[in-house]
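Note sheet for the following structure.
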Amino acid sequence: MLRLPMLCLSLLVVAACGTVTAEEQIAGDLELETGGLDTTDEAPAFGDDAEFTAAAIEPGAPVTDALDADPEVVRLRGAAGATRLRVAVVWGQLPPDRAAAAAHDWSGRITVSDGALVVRRTIGFEDATDAVAARTARDEVAFTSVTRPFADGLVLEVLTTATDLRSVTLGYQSRDGVVAARLPLATLLAGTQVADVGTDGNRVMVTALRAGDPCDHGLMRGRWHALRADLGRFLGVVADDDGAPIGHLRGIWGQRGAGDRVFFGKYVDTAGRFRGLLVGTYADGGFRGRWLIGTGDRGRVEGLFRAGAPGEAIGGAFVGRWAETSCAADLPAP
C-alpha cells in the first residue's frame, strides 16, 4: 500500500508514519477521487463484526401481515394505474443518545389518507415493549413502541389508486391524538423527510421508493459518526425494498481543503462481494450522490443524517434510499 506514506508526506508529518491519526487519514483520503476506496471484494461485513456490533444498528425482522391477502388489498395492488410504494418510517433518538435517562412512548398509529397499508418489516422492535397491533383497518397500522437511546420503525407497503400523490398523505399520530407528522406521498418520493418530536432529540424519519420496478433499488440505514466537526465516518446496512438486509456499507465524510463537503462509501453484499462505490456531497443534514461500478454510474443514493457529538462512541444516524439509474427518477440528481 502506497497511500499511507504519500499521506504522511502530504501532511508534512515529521515523525514516523505510525503517528498519523484516524482524523488525519480521513482528511487525506477525502482529497482523493474516490476517497481512497478500491473495488475489491471484502470479507462479509468488511471483516469487522466488532465495529458493526459496537454501532448497535437496530436489527429488522420480517412481518406476516394478515391484510396482505385481503381481497381489497389484492385488488389495489393489481389495479391499473395504482401506485405501490415501499416506505420506511423510523422514530426515536436520531442520533441515538446513549445517556438518555427518559424513555419516549411512541405508541400510536400510522395512517394513509387514501389507500391501504401492509406491514413488511419491523425495525428495532423488542418483545418487552414493542408490537404491531392486530390489523383491523386497511388504512392504518396501530403499534406500541418505546425507545430511549435508539430507534424503532416499520417498513410498509403503501397502495393507492389516487392519480395525484400530492393529495394522499402518510401520517403518524401518537396514542394521545397528537399528529407528529403528515406527509404527502409526492413529498416523500421527492426526498427523505424528517419531523422533530419535542425538544429532546426525538425525530421521525421517512423515506419512500416505488415498488415493483424491475431494477435494483432499496433502503439503507446506519450510523453517521463524527470524529470532529465536518469530518467522520459512516457504516450501515443496505436493504432491498422490503427492508431485508442484502449487504453492508462503510465510508468517510468531511470537508475538503477547498471547502466542499463530500462523502465516499463502499458497498458489499452479505458475502463481501463488491457492489459499488457511493460518491457524493452532504449539506444541511442531507446527502445525495452517485452509485458507481467501475468508471460508470450505476444509480443514485439519497437520504438524511444526524451526526452525533464529535468523539463519542460510534453514534449519529442516517436513513436513505438507493436505486439503479433506470428507476431512480424520483431520487434527486447528485
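The values are calculated or read from the model by the stated rules, or taken from the named source; none is laboratory data. All values reported here derive from a predicted model rather than from experimental measurement. Here the Cβ positions follow ideal geometry from the backbone for every residue, glycine too, while neighbour counts run over all protein chains shown. Accessible surface is based on the protein model in full, side chains and every heavy atom, while ligands, DNA and RNA are left aside. Shrake-Rupley method; radii C 1.70, N 1.55, O 1.52, S 1.80 Å.
Taking the criterion of being touching a helix residue (DSSP H, G or I) at 6+ places or on another chain (Cβ under 7 Å) and in a strand (DSSP E or B), the residues of segment 113-136 that qualify are ALA116, VAL118. Scan segment 137-161 for residues that are among the polar types (S, T, N, Q), touching a helix residue (DSSP H, G or I) at 6+ places or on another chain (Cβ under 9 Å) and open to solvent by 10 Å² or more (accessible area, probe 1.4 Å) and the total you get is 1. Condition first: under 15 Å from GLY218 (Cβ atoms) and in a strand (DSSP E or B). Now tell me which residues in segment 266-301 satisfy that. Passing the criteria: TYR267, VAL268, ASP269, ARG275, GLY276, LEU278, TRP291, ARG298, GLY299, ARG300, VAL301.
Take the residues of segment 272-295 that are small (Gly, Ala, Ser) and open to solvent by 30 Å² or more (accessible area, probe 1.4 Å): which is farthest from GLU33 (Cα to Cα)? Per the stated criteria, the residue is ALA283. Cβ-Cβ contacts under 6 Å between residues 6 or more apart (or on different chains), taken from a first residue in segment 196-214 that is polar (S, T, N, Q) to a second residue that is not in a loop (DSSP other than H, G, I, E, B), are listed as ASN202/HIS104; THR207/ALA88; THR207/VAL319; THR207/ARG321.
For segment 175-201, a residue qualifies if it is over 18 Å from ASP284 (Cα atoms) and open to solvent by less than 20 Å² (accessible area, probe 1.4 Å), and the qualifying residues are ALA181, LEU185, LEU189.
Out of the strands (runs of 3 or more DSSP E) lying entirely within segment 156-237, which hold 1 or more residues that are at pLDDT 95 or above and closer than 17 Å to ARG109 by Cα? Can you show your working first?
On the way: elements: 169-174, 179-184, 193-196, 202-210, 217-228.
Of the strands (runs of 3 or more DSSP E) lying wholly inside segment 156-237, those with at least 1 residues that are at pLDDT 95 or above and closer than 17 Å to ARG109 by Cα span 169-174, 179-184, 202-210.
Starting from residues that are among the hydrophobic types (A, V, I, L, M, F, W, C) and surrounded by fewer than 24 Cβ atoms within 10 Å (Cβ to Cβ), keep the ones in segment 308-327 and report whichever is nearest to VAL194 (Cα to Cα). So, considering only residues that are among the hydrophobic types (A, V, I, L, M, F, W, C) and surrounded by fewer than 24 Cβ atoms within 10 Å (Cβ to Cβ), the one nearest to VAL194 (Cα to Cα) is ALA309.
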